[in-house]
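J.: First the structure, which I've put down as structure tokens, then a few questions once you've had a look.
Taken together, the values in this text are just the output of simple stated rules run on the coordinates, not laboratory data. All of these numbers come straight from a predicted model, not from anything done at the bench. Virtual Cβ from ideal backbone geometry, glycine too; neighbours counted across all protein chains shown.
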Amino acid sequence: MATKAEKALDVTTLDINSYDYYVVAFSGGKDSTACFLHLLNLGIPKDKIELWHHAIDGKEGSTLMDWPVTPDYCRQFAKNFEVKYYESWKVGGFEGEMLRNNTPTASKKFEDPSGNIIECGGEGPMGTRLKFPQISPDLSVRWCSAYLKIDVCTCAINHQKRFEGKRTLVISGERAEESKARAGYNIFEKDNCHRDGRIHRIVHHWRPIQLWKEKEVWDIIEKYKVCPHPAYRLGWARLSCMSCIFGSKNQWASVRKIAPDHFNRIAAYETQFGVTIKRKGTVVDLANTGTPYDSMDHKLISLGLGRNYSDPIFVENWKLPAGAFGESAGPS
């Protein structure tokens, strides 16, 4: 694996119009939305842009971590903007990987442009987790990002011949303002899928909004009149999982209020593993000291916990959501 320095490319050499494919890692959150809208501002043709959503809970029935509405919000977003949309996931999702007990990590699946579901991986060494990802910038222990997002995206590019002999730009929305670790990311670099040998595949990774402030993110979303994901309107400042391991005491109190069964399952896993998500207490301890967000009305709760996104994607009378500029509670 190449080091950060070995992968780095001079961002001034980026020729934004030189790529065949523009793959946006799309969560439906404000930062990945801003990345996509920035491509439109730059004049990138929509028919070259693809939104790739990595389904955190997989598609085998688990509902442990993510907002249930997120996949359909992403689908409706892509449909309204008339851009290609593909989903990919680790079989069994977050819960399946967490419960791994002397077994290989599960395979990955992804959609291709023909509508086929392709499967790859799943033949690795035996391993055991039986605990939640640890709160760390080290992705080897904070395995949710590595196993459920990065590896899944890599698999989908490596196993599609359409990328061979082509130039592909992978775009993601990490911002320096979010954490010290993210401030150190390369803005422009060779992606892990880049190959210069027998298989020739140019794949670069660009973080176009790394130096943006949160206000710039909301400004571009307002410009395009995009209705934010329900999580922001409920009071969450970040769109990761509903039960993100980085969640604050107020977020855990809010999860317990709107989805008590969901919360109790996570609390039960902490007890079963004998290892908590946060080092200084259980999610119950956190929720007990937190205060639920006060912007959570019944309609928004139902929308966020449902599987169908029924609100519009575009709103004429746009307004800043309740969670904007709130507690970030994100990666360190």
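J.: Filter the range 16-41 for residues that are touching a strand residue (DSSP E or B) at 6+ places or on another chain (Cβ under 9 Å) and within 16 Å of residue 202 (Cβ to Cβ); which is surrounded by the most Cβ atoms within 10 Å (Cβ to Cβ)?
T.: Top of the filtered list is 23.
J.: Sticking with this structure for a sec: Quick check on the range 89-130: of everything there that is basic (Lys, Arg) and in contact with an Asp or Glu (Cβ under 9 Å, 6 or more places away or on another chain), which residue is surrounded by the most Cβ atoms within 10 Å (Cβ to Cβ)?
T.: My answer is 90.
J.: Also, quick follow-up: Any residue at all in the range 22-31 that's acidic (Asp, Glu), touching a residue at least 60 places away in the same chain (Cβ under 8 Å) and in contact with a helix residue (DSSP H, G or I) (Cβ under 7 Å, 6 or more places away or on another chain)?
T.: Looking through the range 22-31, at least one residue is acidic (Asp, Glu), touching a residue at least 60 places away in the same chain (Cβ under 8 Å) and in contact with a helix residue (DSSP H, G or I) (Cβ under 7 Å, 6 or more places away or on another chain).
J.: Looking only at the range 23-42, count how many residues are more than 14 Å from the chain's Cα centre (by Cα) and among the polar types (S, T, N, Q).
T.: Going through the range 23-42 one residue at a time, the tally reaches 1.
J.: If we scan the range 22-43, do we find a residue that is hydrophobic (A, V, I, L, M, F, W, C), farther than 14 Å from residue 240 by Cβ, in a loop (DSSP other than H, G, I, E, B) and in contact with an Asp or Glu (Cβ under 6 Å, 6 or more places away or on another chain)?
T.: no
J.: Can I ask one more? Just checking: which of the strands (runs of 3 or more DSSP E) contained wholly in the range 51-149 hold 2 or more residues that are without any contact (Cβ under 8 Å) to a residue 12 or more places away in the chain?
T.: none
J.: Taking the conditions exactly as written (surrounded by 18 or more Cβ atoms within 10 Å (Cβ to Cβ), more than 24 Å from the chain's Cα centre (by Cα), among the small types (Gly, Ala, Ser) and under 11 Å from residue 249 (Cα atoms)), does residue 290 satisfy them or not?
T.: It is true that residue 290 is surrounded by 18 or more Cβ atoms within 10 Å (Cβ to Cβ), more than 24 Å from the chain's Cα centre (by Cα), among the small types (Gly, Ala, Ser) and under 11 Å from residue 249 (Cα atoms).
J.: Is it fair to say residue 257 is surrounded by fewer than 20 Cβ atoms within 10 Å (Cβ to Cβ), in contact with a Gly (Cβ under 7 Å, 6 or more places away or on another chain), free of Cβ contacts under 8 Å to residues at least 60 places away in the same chain and among the basic types (Lys, Arg)?
T.: Against the criterion (surrounded by fewer than 20 Cβ atoms within 10 Å (Cβ to Cβ), in contact with a Gly (Cβ under 7 Å, 6 or more places away or on another chain), free of Cβ contacts under 8 Å to residues at least 60 places away in the same chain and among the basic types (Lys, Arg)), residue 257 does not qualify.
J.: On to the next question. Filter the range 241-274 for residues that are over 20 Å from residue 93 (Cα atoms) and outside any helix (DSSP H, G or I) and give the result.
T.: Correct list: 248, 274.
J.: Take the range 192-240 and flag every residue that is without any contact (Cβ under 8 Å) to a residue 60 or more places away in the chain and in a loop (DSSP other than H, G, I, E, B).
T.: 193, 194, 197, 198, 199, 207, 210, 211, 213
J.: Given 169, 148, which one is under 23 Å from residue 14 (Cβ atoms) and hydrophobic (A, V, I, L, M, F, W, C)?
T.: After applying the criteria, what remains is 169.
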